[in-house]
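Read the structure below first, then the notes.
The values are calculated or read from the model by the stated rules, or taken from the named source; none is laboratory data. The model shown is predicted, which means the values in this text are computed figures rather than measured ones. Cβ: placed from backbone, ideal geometry, glycine included. Neighbour counts: every protein chain shown.
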Amino acid sequence: MKAIRMLVATVVLGVTSGLAWADLPPVITMGPGFKIVVNGAEVPVFGFDRCPQAALDPQNTFHIPGEQAKACTVIPSYQSEVKVRMMLRSGPVVETWGVMRYGNMLGFRRPDGDLVVPAT
C-alpha cells in the first residue's frame with residue numbers, strides 16, 4: 001500500500017520518477033483513504049472504482065469492508081476527469097477533479113481551481 005501511495009504522491013506532485021513517459025503504467029490507482037491537504041487539514045479521499053488487489057488496505061484502516069473493494073480511484077491514461085469522495089470534517093463531499101498530464105507528470109485540479117496536494 002505504501003508503494004502505491006508513494007507512486008501516486010510522486011506522480012501527483014510532479015516529481016520526476018526516473019521513468020520515461022512510455023514506462024509509466026497505463027493506469028494509476030489511488031488506494032482507498034489516500035490523504036490530501038484541504039485548507040491545511042489532512043483529508044482522506046475515496047473513489048468509486050473496483051480496487052486492484054495490491055491497492056486494498058491490508059489493515060482495513062478505514063473500516064469499510066463491504067465497500068473497500070470499490071473505493072479506489074482508478075485513472076486510465078485517456079481519462080481527463082475523475083470522481084472522488086472526500087471525507088471532510090463537515091461530512092463527505094463528492095468532487096470531479098480534472099486530470100492534468102505534463103510529460104511524465106500527473107496532477108489533479110479541484111473544481112474550485114486548487115491543485116490537489118498529497119499529505120506528507
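Against the condition in contact with a strand residue (DSSP E or B) (Cβ under 7 Å, 6 or more places away or on another chain), modelled with pLDDT of 85 or more and over 18 Å from P111 (Cα atoms), how does P76 come out, does it pass?
Against the criterion (in contact with a strand residue (DSSP E or B) (Cβ under 7 Å, 6 or more places away or on another chain), modelled with pLDDT of 85 or more and over 18 Å from P111 (Cα atoms)), P76 qualifies.
Taking into account only those residues within the range 64-120 that are more than 14 Å from I28 (Cα to Cα) and among the aromatic types (F, W, Y), which is surrounded by the fewest Cβ atoms within 10 Å (Cβ to Cβ)?
Per the criteria, the residue is Y102.
Counting only residues that are out of contact with any helix residue (DSSP H, G or I) (no Cβ under 9 Å at 6 or more places or on another chain) and part of a strand (DSSP E or B), which one in the range 102-114 is nearest to N39 (Cα to Cα)?
R109
Can you name the condition, by its number, that F48 falls short on among (1) buried (at least 20 other Cβ atoms within 10 Å of the Cβ); (2) of a type in the set (A, V, I, L, M, F, W, C); (3) modelled with pLDDT of 90 or more?
Failed condition: (1).
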